[in-house]
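One structure below.
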There are 2 protein chains.
Amino acid sequence: MDLHLPDALDILDRTPQTLRALLGGLTPEWTDAVEGPDTWSPFIIVGHLIHGERTDWIPRARIILEQGADRRFTPYDRFAQFRESAGKPLAGLLDEFAHLRAANLTILREWNLSDEQLALSGEHPEFGAVTLRQLLATWVAHDLSHLAQMTRVMAKQYRDAVGPWRAYLPIMDR
Amino acid sequence: MDLHLPDALDILDRTPQTLRALLGGLTPEWTDAVEGPDTWSPFIIVGHLIHGERTDWIPRARIILEQGADRRFTPYDRFAQFRESAGKPLAGLLDEFAHLRAANLTILREWNLSDEQLALSGEHPEFGAVTLRQLLATWVAHDLSHLAQMTRVMAKQYRDAVGPWRAYLPIMDR
């Protein structure tokens, strides 16, 4: 499936409400659950999504759209959320994410991007040239990928509790 | 994590709203998307969850609680939803699921299950003896597993669109 902007916005728009429905009001047994050492809980993942709203998607899109001499992106800090989320309640993080996402989508909509703009590129620190179209598709896929991760992490908490049904739940051993 | 009934209910209760947030109003490009031949779309998965509410979880729990002479479960029809969902709009399926789930959780809460009851067993057609505790943990894990599946299937629609970022998105090749 090619990136079609309205389809992409349809996902990006709903992630805050999906996160609220999935996690809002849950106990720490679920929201702080992990799937092994050095893996991320739903709480940590929400912080990671917040960091992306602040430093990654729209800032990178701006670098591409401006087409300045230096179009190299700042590397994504994959651990920022361990500092930035520390001690905050999840409800506040969910609100913060919703607020940042809404503001970013307002910017994206106001740009009213043309196909020519979507084909412009910036420089990823590892991959080299990447287009705005690829960046926006990755934003969408990144949301969905982390939703899949959260639900997998939560499911795994019952790996032993399900008994023999584990054989029917490949997610438990993924 | 052992099954603790309030934690389990906290997930079972919210799945209808999570599904609505994730899928309600989305275009068929997303809701009919699959990850390969003979795999399930989000639309098909919602039908599968509905079938479970009708025929599986509570009916099996009843068989266990009644402790009759024949405690063998009816096998789960994993393909019922291809017939039962055919031609129905997704919005109607989401409502139907929410309605069935709420009714089933009312029954579950009214049972006010004791630890002794949770330890009772029925006979799974393939696994043999399984406890009510294992059945209820599986109900929860089954919800979460299918949420992970839906979001994975949706993410994969952008497998090519993300370009080189595919290397950072292991979900694309899972």
query: Tell me: how much accessible area in total is hidden between B and A, 1.4 Å probe, Å², nearest 100?
result: 4700 Å²
statement: Sequence order, the range A:59-76: Karplus ³J(HN,Hα) from phi using 6.51 cos²θ - 1.76 cosθ + 1.60, θ = phi - 60°, Hz rounded, Gly and Pro as x, gives x, 5, 4, 4, 4, 5, 5, 6, 6, x, 5, 9, 10, 7, 6, 5, x, 6
statement: Copies of B:LEU105 compared via label points 7 Å along Cα→Cβ give distances in nm, shortest first, of 2.5
task: Show A:THR31, B:THR39 ordered by accessible area, largest first, where the area counts protein heavy atoms only and the probe is 1.4 Å.
output: B:THR39, A:THR31
Computed helical MRE - 222 nm, the protein assembly as shown, DSSP H runs ≥ 4 contributing -39500 (n - 2.57), nearest 500: -18500 deg cm²/dmol
- prompt: Pick from A:ASP56, A:ASP13, A:ASP77: which residue has the top mean-square fluctuation in a GNM of chain A where Cα pairs under 10 Å get a spring?
  reply: A:ASP77
field: Most fluctuating residue given options A:LEU65, A:LEU93, A:LEU113, as computed from a GNM of chain A linking Cα atoms under 10 Å
entry: A:LEU113
query: Once you sort the root eigenvalues of the Cα gyration tensor of the range A:76-141 as a ≥ b ≥ c, which label holds: rounded (a/c under 1.5), prolate (a/b larger than b/c) or oblate (the other case)?
result: oblate
- prompt: Averaged per residue, what accessible area in Å² does the protein assembly as shown show with a 1.4 Å probe, protein chains only?
  reply: 43 Å²
query: R0 = 30 Å: FRET efficiency of B:ASP173 with A:ASP10, Cβ-based, nearest 0.05?
result: 0.75
message: For A:ASP95, project a label point 7 Å along Cα to C-beta. Then give me every residue of the range A:3-25 with its amide nitrogen under 18 Å of that point.
response: A:16-25
field: Debye equation applied to the C-alpha atoms of the protein assembly as shown, log10 I(q)/I(0) at 0.09, 0.14 Å⁻¹
entry: -0.52, -1.15
- prompt: Of the accessible area of the range A:1-134, with the probe set at 1.4 angstrom, what percent is carbon plus sulfur?
  reply: 52 percent
field: Separation in nanometres of the label points that stand 7 Å from Cα toward Cβ, at A:ASP2 and B:ALA103
entry: 4.6 nm
- prompt: To the nearest whole number, what is the average tally of beta carbon atoms from other chains within 10 Å of the beta carbons of peptide B:132-139?
  reply: 5
- prompt: So, in Å, what gap is there between the alpha-carbon centers of the range B:80-147 and the range B:17-61?
  reply: 14 Å
query: Can you work out D for chain B in µm² s⁻¹ from Stokes-Einstein, where Rh is the Kirkwood radius over C-alpha pairs, the temperature is 4 °C and the viscosity is 1.567 mPa s?
result: 74 µm²/s
message: Let me check against my output: what whole-number percent is the relative contact order of chain B, with C-alpha pairs under 8 Å and at least 6 apart?
response: 30 percent
message: What does the structure give for A:1-7 when I average, per residue, the other chain Cβ atoms found within 10 Å of the residue Cβ?
response: 4
message: Just to confirm the numbers: B:LEU65, label point 7 angstrom along the Cα-Cβ line, distances to the other copies in nm, shortest first?
response: 5.7
statement: Summed over the other residues with a beta carbon less than 14 angstrom from that of A:ILE107, with K and R at +1 and D and E at -1, the charge totals 0
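How much net charge surrounds B:GLU96 when only other residues with a Cβ under 14 Å from its Cβ are counted (Lys, Arg +1; Asp, Glu -1)?
So the surrounding residues net to +1.
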Net dipole in debye of chain A [+1 Lys, Arg Cβ; -1 Asp, Glu Cβ; about Cα centre; nearest 20]: 320 debye
query: For B:23-34, what's the mean count of beta carbons from other chains sitting within 10 Å of each residue's beta carbon?
result: 2
- prompt: Quick one: length gained pulling B:LEU65 to B:ALA80 fully straight, 0.36 nm per residue minus the C-alpha distance?
  reply: 2.8 nm
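The values are calculated or read from the model by the stated rules, or taken from the named source; none is laboratory data. Source: prediction; values computed, not measured. Please note: Cβ atoms are built from the backbone with ideal geometry, for glycine as well, and neighbour counts cover all protein chains shown. These accessible areas exclude ligands, DNA and RNA; they are computed on the full protein's heavy atoms, side chains included. Shrake-Rupley method; radii C 1.70, N 1.55, O 1.52, S 1.80 Å.
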